[in-house]
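Quick notes on the structure that follows.
Any read-out appearing in this document is the output of simple, stated calculations on the displayed coordinates, not a laboratory observation. Everything numeric here is computed off the predicted structure, so don't read it as measured data. Heads up, the Cβs are rebuilt from the backbone with ideal geometry, glycines too, and the neighbour counts pull from every protein chain shown.
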Amino acid sequence: MNFLAPIGRVFIGFLVATGRLVAFAALSVSHCLRPPFYGRSIGRQMIQIGYFSLPVVGLTAIFTGMVLALQSYTGFARLNAESAIATVVVLTMTRELGPVLAGLMVAGRVGAAIAAEIGTMRVTEQIDALATLSTDPYKYLIVPRLVAGVITLPILVLIADIIGVFGGYVVSVHSLEFNAANYLKLTWQFLEPLDVVTGLVKAAVFGFLVTLMGCYHGFHSRGGAQGVGAAATNAVVSSSVLILAANYMITAAFFGT
Amino acid sequence: MSAPTDKTPKIELRGLKKSFGAKTVLDGVDLKVGTGESVVVIGGSGTGKSVMLKCILGLLWPDGGSILIDGADVSALSGRAREARNARIGMLFQGSALFDSLTVWENVAFALQRRSGVSKPEARNIALGKLAQVGLEADVGALSPAELSGGMQKRVALARAIATDPEIVFFDEPTTGLDPIMGDIINRLIVDCVRELGATAVSITHDMASARRIADRIAMLHDGRIVWDGPAGDIESSGNAFVDQFIHGRAEGPIEMAVRR
C-alpha cells in the first residue's frame with residue numbers, strides 16, 4: 001500500500017495549505033471590519049495599487065480594443081456582419097477582457113510587489129517589530145492593501161473599458177473606414193448596465209484575490225532572499241490562476257442558465 | 001542594580017517548552033529576572049535563545065510551561081491584552097528591523113503615535129530626544145534607515161526600543177555584525193539607557209565581551225535548558241564545564257555542535 005502514501009501526503013498538504021489560506025483570509029477580512037483603521041495607509045495603497053497601475057492597464061486595454069476590432073472585422077467581413085464589430089468590442093471589453101486583463105496585469109505588477117515587500121518585512125523581523133510596537137500587522141499591513149485592491153480595481157476596469165472601446169473605435173473609424181457616429185451608436189445600442197456591472201463585480205473580486213495572495217505569500221515567506229523570491233512568484237502564479245477560475249464562476253453565476 | 005530578591009520577579013519562566021515539528025528547542029526553561037535586573041542569556045547559535053524571547057513577547061506560542069510578568073501568567077494572552085502587555089516591553093532586534101518605508105524619527109516615534117493621543121510634533125520631539133540619548137544628531141531623524149551604517153541603525157533601533165519608556169527591554173544579539181568598538185559603544189548605551197529607565201533587561205548574545213559589560217547576572221542556555229545561572233562576576237569560576245567551554249570558545253568539551261550530529 002506504500003504507493004498510496006505519496007498521494008495521500010500531497011492531498012493532505014493541499015488541504016493544509018487551503019485551510020491556512022482560508023483562515024488567513026477570514027482573519028484579514030474580520031480585521032477589515034474592526035477598528036482601528038489606518039486611513040492614511042489605505043490612501044497610500046490606493047495610489048500604489050490603483051493610480052500607478054493606470055499606464056500598464058491603459059496600454060493593455062487600448063491594444064486589446066484595437067486588436068478586437070481588427071480581428072472581428074476580418075472574421076465578420078466573410079459573413080457581411082461588419083456592423084456587429086462595435087457590439088463585439090464593447091461586450092468583450094466590459095464583460096471579459098477589461099476585468100481579466102486588468103486583473104492579470106495588476107497581479108503581475110502589484111501582487112509580486114506586495115509579496116516581496118511583506119516578505120522582506122517578515123524575514124528582516126519588521127513584522128515582529130510591529131507587534132512589539134503595539135501595532136497589529138494584519139491591520140497595519142494587510143487591511144490597507146485588501147481594501148485598496150477591492151476599491152481601486154473596479155475603477156481601473158471602468159477606465160480600461162472606456163480606453164478599450166476607444167481603441168476599437170480608432171481602428172474601426174481610421175483604418176476600417178467606419179462612420180464615426182454610426183459606430184458610436186452601435187456601441188451603445190446593445191450595451192446593458194448588467195454587462196458593465198458584472199465586469200466591475202469581477203474586478204472587485206480580482207482586486208481582493210490579487211492583494212490577498214500577495215499578502216498571504218509575503219506574510220508566510222521563510223528563509224531570506226530565496227524565500228522572498230518564491231513568495232513573489234507564488235503570489236503572481238496563484239492569483240493569476242484564481243482570477244481565471246473566479247472569472248468563470250462569476251460569469252456562470254450571472255449568465256449561466 | 002542588584003536584584004531585590006524578596007519581591008516577586010519581574011519576569012519568571014516556569015518549565016517553558018517549545019518544539020518545531022520533531023525538533024525540541026526549549027525543553028523546560030526556568031528563569032527568574034528581578035525588577036531592575038539585567039540578565040544576559042548566553043548560548044550557542046540555534047540553542048533557542050531567540051525562541052525564548054519570542055515566546056515571552058507572544059510572537060510564538062509556547063507548547064508548555066508558563067510565563068509570568070509581575071506574577072501574572074501572560075502566556076495565553078491574545079489580541080488586545082497582548083498588545084497592552086507588549087506596550088510595557090521594548091525590543092531591540094538582531095537586524096535592527098527598522099521600517100524602511102519610514103524615516104528615522106518616524107521609526108522611533110512609531111509606537112508613541114499609535115499608542116496614546118500624542119500629537120505628531122510632540123512625538124517628533126520625544127523621538128529626537130531619544131535619538132540624542134543614543135548619540136545621534138537631530139538631522140539624522142529625517143534620513144531613511146537605508147542611508148545609515150549598521151552601527152547607526154542599531155542606535156536608532158535602540159532609541160525605538162526605549163521610546164515609550166518600557167518597564168522591560170529585550171536585546172537580541174545587540175552587537176552582532178558590528179566592529180568591536182561600535183559593539184562596545186552599543187553596550188555602553190544599553191547599560192546607560194537601561195539604568196536611566198530603571199528597566200528590567202533581558203539580553204541574549206553569544207558575544208562574551210557584550211555579556212560581561214551588560215549583565216548583572218548571566219544564565220547559560222544549552223539543549224533547551226538553563227544549565228548555569230549566577231552573578232556575572234562568577235562566570236570565570238563557574239565550575240560548569242558547559243560555561244567554561246563556551247566562554248573560552250573551545251571546540252572540545254561537553255557541548256557538541258549540531259554540525260556533528
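Quick look at the numbers
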item	result
Residue (of A:ALA81, B:SER66, A:TYR183) at the positive-pole extreme of the protein assembly as shown, dipole from beta-carbon charges	A:ALA81
Length-normalised contact order of the stretch A:22-250 in % [C-alpha pairs under 8 Å, at least 6 apart]	34
Dipole of the stretch A:20-132, positive end: most advanced residue of A:SER72, A:THR124, A:LEU54 [Cβ charges, Cα centre]	A:THR124
Debye log10 I(q)/I(0) at q = 0.13 Å⁻¹ for chain A, Cα point scatterers	-0.85
Over chain B, relative contact order from alpha-carbon pairs under 8 Å, at least 6 apart, %	24
Range of Cα positions in chain B per principal axis (Å), largest first	55, 40, 39
Those residues of the stretch A:92-115 whose amide nitrogen sits under 19 Å from the label point placed on A:LEU21, 7 Å along Cα→Cβ	A:100, A:103-115
Packing-based ranking, highest mean first, of B:177-189, A:226-238 given that Cβ atoms within 10 Å are counted	A:226-238, B:177-189
Cβ-Cβ FRET estimate between B:ARG195 and B:ARG80, R0 fixed at 41 Å, reported to 0.05	0.80
Neighbour-count ranking [beta-carbon atoms within 10 angstrom, fewest first] of A:THR74, B:THR205, B:THR35	A:THR74, B:THR35, B:THR205
Partner chain coverage, peptide A:134-140 - average Cβ within 10 angstrom	4
Size of charge dipole - the stretch A:22-250 - debye, nearest 20, with Cβ of Lys, Arg +1 and Asp, Glu -1, no other charges	360
Shielding score for B:77-89, defined as the mean number of other chain Cβ atoms within 10 Å	2
Leading residue at positive end of dipole, chain B (Cβ point charges), from B:ILE186, B:ILE42, B:ALA199	B:ALA199
Order by protection proxy (mean Cβ within 10 Å, highest first), peptides B:194-203, B:65-74	B:194-203, B:65-74
Cα Rg, Dmax, the stretch A:165-229, angstrom units	21.1, 61
Spin-label pair B:ASP234/A:VAL29, simplified geometry with 7 Å Cα→Cβ offset, distance in nm	5.8
Ordering of A:83-96, B:78-91, A:2-15 by packing [mean C-beta count within 10 Å, highest first]	A:83-96, B:78-91, A:2-15
Alpha carbon centroid spacing (whole Å) that separates the stretch A:1-68 from the stretch B:155-209	39
Pairs from B:LYS23/B:LYS49; A:LYS139/A:LYS202; A:LYS139/B:LYS49; B:LYS18/B:LYS49; B:LYS17/B:LYS54 whose Cα-Cα separation, in the structure shown, is over 19 Å	A:LYS139/A:LYS202; A:LYS139/B:LYS49
Volume per residue of the C-alpha convex hull in the protein assembly as shown, rounded to whole Å³	208
DSSP bridge orientation in the protein assembly as shown - percent antiparallel, rounded to nearest 5	55
Net charge dipole size for chain B [Lys, Arg +1 and Asp, Glu -1 on Cβ; Debye, nearest 20]	660
Computed helical MRE - 222 nm, chain B, DSSP H runs ≥ 4 contributing -39500 (n - 2.57), nearest 500	-9500 deg cm²/dmol
For the stretch B:1-136, size of Cβ-based charge dipole, Lys and Arg +1, Asp and Glu -1, in debye	240
Nearest-0.05 FRET efficiency for A:ILE151 and B:ALA22, computed from C-beta distance (R0 41 Å)	0.35
